Amino acid sequence: MDNKGSILKSAIGMKLTLILIALTVIPITLLGLISYQKAQNIMEKRFQVTTEQTISEVNRGMDKYFDKFKEELDILSVNVDLTELHINPGNEPFLNSLLKDFEENNNDNRFVYYGTSTKRMYEWPYQELGKEYDPTVRPWYKEAVKNKGNIVVTNFYKDAETNMSIVTIAKTVEYNGEIVGVIAMDIDMDMDKLAEQLSNIKLGKEGYVFIVDKEGIILTHPDKTKINKDDARKMSYWKNVSANDKGFNDYIYNGQKKYNVFVTNKASGWKILGAIQQDELKNDIDIIRNAIIIFGVIAGMVSIIIALLLSKWISNNIIVLRNAFKKAASGDLTSKISNKSKDEFGQLANGFNSMIDEISMLINKLKESSSVIERSSKSIITSSGQTSQAVNEVATAIDGVAVGAVTQSKDIENAVCEIESLGAEIYNVVEVMQNIEKDSKNTKDISSEGLNTLEVLMDKSNNVRKTTLQVSDIVTDMSSYISKIEIITKTINGIAEQTNLLALNAAIEAARAGESGRGFAVVADEVRKLAEQSSKSTEEIKALIENISLITKTAVESMQGAAGIVNEQNKAAEDTKNIFNNIITTIQELTDRIDVIDSLINKTNKSKDKIIGTMQSISTVSEESASSTEQVSASTEEITAVMGEFTGYANNLNELSLKFKNDIDRFIVN
């Protein structure tokens, strides 16, 4: 088997093996996990049920133990010697006798006593309690009153004399629904004996039963060091135990994981608990787990073996099919697949064999057809070659005639074109001469208008010159007036200075004159102020005159410059006028010569038109002859081209038939 086959077999075998293993191992693993979890839950539930049944039996035993005392206490609580003692004191001897008989007939109770609501106390065996003793404040009395009509059981305690475990049970005594007292009895609880009895009860291998009172004090326990201690109240499970009548807990004690189940004794309120280590349950569960693992491993190995065998069988069939298809793809249609099975592989093999038979028949028919096509294409090639040769000879002769006609037509066309070009040039010369004539006339008119405009310009320039001279004279006069104003301003300024001086002197004299000269001083002061204002105004006028004088001087200089420019402008206008007169004379001479040339060109243009008409007639005849020759030549060329294409198609058909034959020959058929 080749490398590709090995790769294919390996890939398919590996995939099938992995799929089959996954389909077997995964369900087994899931089933094992689910079974393990389910077994663990069942074992825990079974422990809970069996333990609860066991401690329920203990509970029922305790109920029976307390029930006989309860029945006797119920009888005593309704005895008339107790219920009517408060209204019939003569019953006291009968009461004492009743208590004595009751105590002597019950070995388990040490004391029986009756406390009245009037704080009287009757008991047997008799003890001197003292006049201060009040039974109504005792715990047993208060507890019974709280639970009117019901029997109550107190927490057990150790008797100081006998060191016996004592429990008190009590019940109210009523008369017409009113409490008149409480009847009670002390019961000797041999807890060691009870613990011994409970130690005989086994939960599993190392599980045990123990009792805890309502306060969390351990009453019985396999470990005697824990008895009468409140270790239970310190445990994590106590919250659930104290709050419920029964239940299930898991907890850790001394580093060990444990379970416990508890019930509550209704008579005493004590909690009966059954405890077992979790490892005991897990040992049983581990046996199930190990069995599941062993079964899973065996099932996995069997599934792997089956998967390998099945994948090998499937991959071998696939490789047989692949090799058969590979041979067919290379052209060998003689291979067949031998598979007698009735499954899908057998159907694939039969389908492949049928396909090979159909393709072989088709190839044989195609071979026959290719031979016919090959012979036909060779005949077509021979005929097309002969036809093409004859057409080429005719085309060569027609081409010679066509070339001469075309050459003659082209020469005539060239001559016509040259003459037409000459005519066009002559026509262009005529148009240019006409345009020159028009431009000459326009130039003459424009020159005349230019002369008129120059004359107007010269008149305007003279007027400007005159106006400029007048302005210059005015500015000159204005300058002389400003000089006179300046002299007057200086005079006013001198007067103001003298007036100011006189005002100062007058002020001095007024100061000397004292009070009589005060009015004169005021006038002198006003004169001084006017003199100062006149001096200030004179200064402002002086400044304005200086500015005007400066501007006037500048204007005079500008006017003098403008007068010079106007003189130069008049001279230039006179020169321009003379030039325009010369242009008009020259244009008139040019116009006369153009008229002569125009007459000659018109005659030449008429002769040109006659020559062009004759050449066009000759060219038309030559073009028609050449056109006919070209049409014949074109038709011959088209026939030649068609024959060439026909020959090409025949050659292509021949090549195609050979290629087709070679392709078909690759297939090996029966």
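Values in this text are rule-based calculations from the coordinates and carry no lab data. Keep in mind it's a predicted model, so treat the numbers as computed, not measured. A quick note on method: Cβ atoms are made from the backbone with ideal geometry, for glycine too, and the neighbour counts reach across all protein chains shown.
General remarks:
- Applying 1/(1 + (r/R0)^6) with R0 = 51 Å to the Cβ-Cβ distance of Leu309 and Asn364 gives a FRET efficiency near 0.75.
- Rounded to the nearest Hz, the phi-derived 3J(HN,Hα) couplings of region 50-55 under the Karplus curve 6.51 cos²θ - 1.76 cosθ + 1.60 (θ = phi - 60°) are 5, 5, 4, 5, 5, 6, where x marks glycine and proline.
- Efficiency of FRET from Cβ geometry, Ser35 and Lys70, R₀ 51 Å, rounded to 0.05: 0.55
- Built amide H within the under 5 Å cut-off of Ser117, gap 5+: Gly181
- Remark: for residue pairs Lys202/Lys229; Lys70/Lys146; Lys202/Lys257; Lys146/Lys171; Lys45/Lys246, the C-alpha separation exceeds 20 Å in Lys202/Lys229.
- Sequence of Val137, Val209 once ranked by neighbouring C-beta atoms within 10 Å, starting from the fewest: Val137, Val209
- Taking amide hydrogens as placed 1.01 Å from N in the peptide plane, the amide H of Tyr175 sits under 5 Å from those of Val180, each at least 5 positions away in sequence or on another chain.
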